[in-house]
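Just so you know, all these numbers are worked out from the coordinates, no wet-lab data involved. No experiment lies behind these values; they were computed from the predicted model shown. A quick note on method: Cβ atoms are made from the backbone with ideal geometry, for glycine too, and the neighbour counts reach across all protein chains shown.
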Amino acid sequence: MQAQIKKIGVLTSGGDAPGMNAAIRAVVRSCAYHQVACAGIFRGYQGLIENDIEDLDARSVRNIISRGGTFLKSARCSEFMTKEGRKIAFDNLKNAGIDALIIIGGDGTFTGGLVFESEFNFPVIGIPATIDNDISGTDFTIGYDTALNTVVEAIDKIRDTASSHNRLFLVEVMGRDAGAIALNSGIGAGAEEILIPEESDGIERLLESLRKSRKSGKTSSIIVIAEGDKSGKNIFEMAEIIQENLSNYDIRVSVLGHIQRGGSPSCFDRVLASKLGVGAVDAVLDGKHNIMVGIHHQKVVSVALELAIKGEDKFDRDLRRVADITSV
Ligand code: F6P
């Protein structure tokens, strides 16, 4: 153990994700286990700049493992993007006696942490939590599994109406830059077509596929569209284009929105969050810094924060083939 680590700070930042509470709980209890003090920073980097910091002990995190969202609250903070903002944050950490910071969030959170660490040489450890599963170096991010299940459950319900009325439903799911939610939920819910930001096949291909599917005897269809799809049309414009070209379709649009981020975390996300929370405190006490703890082949691994943000493309091309084959 590093003798100089007496207190660890923890915060959640960016979009909330189910399982963030379980990760905070694991961090706080791991600190208690190792007899290191722990402080919770409320509202992410914004709260750090505003000195919204409270000491936490093992009992502070009771009854939160099953709750969605984050009891520390979260924010997207533009002030932390300025050097002045980060200096205030550093002073507040020092005044609170915090020796290392565990940041729970996605790529925006990690980008902030990386800059902060390089400016102040202050140990920062990331825990990946975002429903998008778009962080490299980890097989899964906290919240992704829960969100996928939420989306599949919602599309299953939409399918009941689609098939009862012989309708075509366009369903928009989250994912500004990553199609993981769309591709996996689309396969899981038996979508006919899946549009994702990593590919741009154009609307013509979609129209062709819909023409074929009517001919093949399909009476209703679901198309799953990631919000960051690159067709250049929003989902309502797309519905209009399809209607203009294929007048025999009765079309409806459904935007799932933030229901995808809420709700009680799945058991998978709770266990993942617990492993990564414990792993993050282990990493701090082992003197590691500037890393993210991720999961690979079910084991906790350390990955440079820089690689986590800018790393390899996670788009699974084999899954696209599975989607194409199973939707004929
Ligand atoms: O990054 C997670 C995410 O849910 C994205 O999928 C989505 O594009 C974005 O956050 C929405 O952010 P906000 O809640 O700030 O509108």
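Compare the peptides 276-284, 70-78, 84-92, 11-19 by average per-residue count of other Cβ atoms within 10 angstrom and give them in order, highest first. The partial results should precede the final answer.
On the way: 276-284: 25.0, 70-78: 19.6, 84-92: 17.2, 11-19: 28.6.
Per-residue mean Cβ counts within 10 Å order the peptides as 11-19, 276-284, 70-78, 84-92.
Ranked from highest to lowest mean number of other Cβ atoms within 10 Å per residue, what is the order of the peptides 239-245, 176-182?
Values: 239-245: 14.6, 176-182: 22.4.
Result, highest mean first: 176-182, 239-245.
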| field | segment 288-295 - phi-based ³J(HN,Hα) in whole Hz, Karplus 6.51/-1.76/1.60, Gly and Pro as x | value | 7, 7, 6, 10, 10, 8, x, 10
| request: Quickly work out the LYS7-to-SER216 label distance, labels modelled 7 Å from Cα along the C-beta direction, and quote it in nm with one decimal. | output: 6.2 nm
| query | According to a simple spin-label model (label point 7 Å from Cα along Cα-to-Cβ), what is the distance in nm between GLU50 and ASN248? | reply | 5.8 nm
| query | Roughly speaking, what is the stretch gain from LYS230 to CYS267, that is 0.36 nm per residue apart minus the C-alpha to C-alpha distance, in nm to one decimal? | reply | 10.0 nm
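Give me the percent relative contact order of the chain, please, defined on Cα pairs under 8 angstrom at least 6 residues apart. Don't jump to the answer; show the numbers that get you there.
Numbers: 732 pairs, mean separation 77.9, N = 328.
Relative contact order here is 24 percent.
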| Pulled fully out, how much extra length does the chain show between ASP318 and MET81, if you take 0.36 nm times their separation in residues and subtract their Cα-Cα distance? | 81.6 nm
| request: Distance between Cα centroids, segment 224-244 to segment 288-307: provide it in whole Å. | output: 37 Å
| said: Order 155-162, 288-295 from most to least packed using the mean count of other Cβ atoms within 10 Å. | reply: 288-295, 155-162
| said: Rounding to the nearest 10 and keeping the result within 0 to 90°, find how far the Cα-based axis of helix 267-285 lies from the longest principal axis of the chain. | reply: 30 degrees
| task | For the chain, find the longest principal axis of its Cα atoms and tell me its angle to the long axis of helix 317-326, 0 to 90°, nearest 10. | result | 30 degrees
| query | Of LYS157/LYS299; LYS7/LYS299; LYS275/LYS314; LYS7/LYS314; LYS288/LYS310, which pairs sit farther than 30 Å apart, going by alpha carbon to alpha carbon? | reply | LYS157/LYS299; LYS7/LYS314
| Which cysteines does the chain leave without a neighbouring Cys Cβ under 4.7 Å? | CYS77, CYS267
| message | What number does segment 188-328 give for Rg over Rh if you use C-alpha atoms and the Kirkwood radius? | response | 1.10
| field | Computed label-point distance, nm, for sites HIS258 and GLU199 using a 7 Å Cα→Cβ extension | value | 3.2 nm
| query | How long are the three semi-axes of the equivalent ellipsoid of segment 51-126, in whole Å, if each is the root of 5 times an eigenvalue of the C-alpha gyration tensor, listed from largest down? | reply | 23, 15, 11
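Write down Rg/Rh for the chain, rounded to two decimals, with Rg from the C-alpha atoms and Rh from the Kirkwood relation over Cα pairs.
Details: Rg = 21.8 Å, Rh = 20.8 Å.
Using only Cα positions, Rg/Rh for the chain is 1.05.
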| field | Overall dimensions of segment 145-261 by Cα: Rg and Dmax, Å | value | 13.0, 37
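Quick one: VAL10, VAL27, VAL300, fewest Cβ neighbours within 10 Å first, how do they rank? Write out the running numbers ahead of the final one.
On the way: VAL10 27, VAL27 30, VAL300 17.
Going from least to most buried by this count: VAL300, VAL10, VAL27.
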